[in-house]
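The values are calculated or read from the model by the stated rules, or taken from the named source; none is laboratory data. Here the structure is a predicted model, which is why all the values come from computation and not from measurement. Every residue, glycine among them, receives a Cβ derived from its backbone with ideal geometry; neighbour counts consider all protein chains shown.
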Amino acid sequence: MGLWDRIKKDIKKGINEGVSAVKQGATVAVEKAEELAEEGKRRYRIFELKQKVQSNFTELGGKVYDLSSKGAKNPLIDTKVKSTISGIKKLENQISKLEGISTKKGAVKSRTKRK
């Protein structure tokens with residue numbers, strides 16, 4: 001085999017290896033993009049749920065205030081108050097489950113902060 005044949009063979013081998021590396025890189029990039037998109041969706045869902053919790057706390061405070069201003073001895077026995085509290089607990093459970101997904105993948109779990 002002549003020098004030119006070896007050079008052509010080496011160039012062809014290099015091109016094939018390069019194409020293979022690009023294909024592998026593209027596959028990894030697509031997988032990572034899909035993973036990041038799913039993480040973004042999950043975080044946005046957590047944000048939406050936390051906004052609902054905040055809204056329910058505001059509603060709960062208004063109900064309790066209204067009942068106490070009308071002289072109710074224990075606003076916590078009111079069915080509307082109980083229903084709102086139950087709704088908040090359900091939302092918090094959904095948030096915990098979604099936050100637990102990132103914990104299982106090795107990410108740091110964030111906490112819901114209330115003021």
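Looking across region 19-78, the residues that are surrounded by 12 or more Cβ atoms within 10 Å (Cβ to Cβ) and either in contact with a Cys (Cβ under 8 Å, 6 or more places away or on another chain) or not in a helix (DSSP H, G or I) (or both) come down to Ala72, Asp78. Looking at the structure I just gave you, is Ile88 at pLDDT 90 or above, surrounded by 14 or more Cβ atoms within 10 Å (Cβ to Cβ) and outside any loop (DSSP other than H, G, I, E, B)? When the stated conditions are applied, Ile88 passes them.
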